[in-house]
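J.: Pasting a structure below so you can have a look.
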Number of protein chains: 2
Amino acid sequence: MTKRDTRQRRAIRRVFLNAGRPLTREEVLEYGQEIVPSLGVATVYRNLNIMKGEGWLSEVELPGGGIRYELADRPHHHHFLCRSCDQAFDVHRCPDEVETLAPDGFEVDGHELILFGRCAACT
Amino acid sequence: MTKRDTRQRRAIRRVFLNAGRPLTREEVLEYGQEIVPSLGVATVYRNLNIMKGEGWLSEVELPGGGIRYELADRPHHHHFLCRSCDQAFDVHRCPDEVETLAPDGFEVDGHELILFGRCAACT
DNA sequence: GCATGAATGATAGTATATTCTCATTATCAT
DNA sequence: ATGATAATGAGAATATACTATCATTCATGC
């Protein structure tokens, strides 16, 4: 036997599909427990690592805290970090000439843009 | 008596003035020990916190590791992170329309742009 | 429905980063 | 130069994040 489709695993997957934004491990635990109240930290850690290994989730590192996770299949996008509720959101528009901004002699192969402010709910 | 101008403190200040780029605590310790070999971690931690409190240094958080510190008086700029040597560099050019990219209802009051790639020395 | 063993969850254990302690050193006002 | 004491540095102590353990639960194939 290999991988089982447990209630906990389904709950964690559901949490990401519903959220549509990057989540901290704490948020995954909190929202997951709304579906499966007994959900424990170890299970969250285990499954986030498994899902990252499978390529279903990817890590996002934003200022002000630990790693967040998001669905890996999303097209190129950036993030908005709310200073009030500390939630991260996707920003789908992207300034395209950014990679020409580096000093001479620097080879750019990627970029990350983070906007800060107040989200729609906190305004 | 208040604040003393110690050899260690001068060394740490010198390190930042010479570097001209954001430094991790580890880098501060390493470069500081080239000036004052006996420099210890506790002193680095203490003085980084003091200098941040004085507003002389500010924190920068880039992906892939801990907090870095840089001189606080620098004008608006962004950062380049070398994937090879993991050093951070300043990028002084900035795409100016970025803050208009947020979704409707989101109030943007700041932004951070990080470029990834290989620095001039690692190319 | 039942047996198998993958997965869970409570908690112990581990790793690592940061701070604290305190004897010693060195700055600075005099 | 000297004394008062701020600052240092080695290592202990602490905090925190993450992983390992293991008895129990439950998803799956038959």
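J.: Could you tell me how many cubic angstrom of Cα convex hull volume region A:1-46 has per residue?
T.: Values: hull volume 3.5 nm³, N = 46.
Given the Cα convex hull of region A:1-46, per-residue volume reads 77 Å³.
J.: As an exercise, use a Förster radius of 25 Å and the Cβ-Cβ distance of residue A:58 and residue B:59 to find the FRET efficiency, rounded to the nearest 0.05. Walk me through the numbers on the way to the answer.
T.: Values: r = 25 Å, r/R0 = 1.01.
Step by step, r from the Cβ atoms, then E = 0.50.
J.: Continuing with this model, one more query. Could you line up B:84, A:58 from fewest to most neighbouring Cβ atoms inside 10 Å?
T.: Sorted ascending by nearby Cβ count, the order is B:84, A:58.
J.: Hey, if you put +1 on the Cβ of every Lys and Arg and -1 on every Asp and Glu Cβ in region A:1-109, which of A:75, A:64, A:12 ends up farthest toward the positive end of that dipole?
T.: Toward the positive end, the furthest listed residue is A:12.
J.: Just the Cα atoms of region B:78-117: what Rg and Dmax do they give in Å?
T.: Answer for region B:78-117, Rg first and Dmax second: 12.9, 40 Å.
J.: Would you calculate the separation in nanometres between label points at residue A:49 and residue A:30, each defined as 7 Å from the Cα along the Cα-to-beta-carbon direction?
T.: Reported label-point gap for residue A:49 and residue A:30 is 2.4 nm.
J.: Which three lengths, in whole Å and largest first, does region B:10-123 cover when its Cα atoms are put on their principal axes?
T.: Principal-axis extents of the Cα atoms in region B:10-123, largest first: 54, 37, 22 Å.
J.: Let me ask something else about it. Give me log10 I(q)/I(0) at q = 0.13 Å⁻¹ for region A:20-67, Debye formula, one equal scatterer per alpha-carbon, no solvent.
T.: Rounded to two decimals, the profile gives -0.30.
J.: Put the label 7 Å from Cα along Cα→Cβ for residue B:64; what are its distances to the other copies, in nanometres, shortest first?
T.: Result, one decimal in nm: 2.4.
J.: Over 5 Å intervals from 0, what percent of Cα-Cα pairs in the protein assembly as shown sits in each interval?
T.: 1, 6, 12, 13, 15, 14, 13, 11, 8, 5, 2, 1, 0, 0, 0
J.: Is it possible to state the helix-based mean residue ellipticity at 222 nm for chain A, with each DSSP H run of 4+ residues giving -39500 (n - 2.57), the sum divided by total residues, to the nearest 500 deg cm²/dmol? What is it? Mind showing how you got there, number by number?
T.: Numbers: 3 runs with 37 residues, N = 123.
When only DSSP H runs of four or more count, the value is -9500 deg cm²/dmol.
J.: With unit charges on the beta carbon (Lys/Arg positive, Asp/Glu negative), name the residue among A:120, A:50, A:110 whose Cα is farthest towards the positive pole of the charge dipole of chain A.
T.: A:50
J.: On to the next question. Going 7 Å from Cα along the Cα-Cβ axis for the label, what nanometre distances separate residue B:34 from the same residue across the other copies?
T.: 5.2
Read-outs: derived from the displayed coordinates by stated rules, not from any lab. Computed from a predicted model, the values in this text were never measured in an experiment. In this analysis, Cβ positions are derived from the backbone assuming ideal geometry, glycine residues included, and neighbour counts consider all displayed protein chains.
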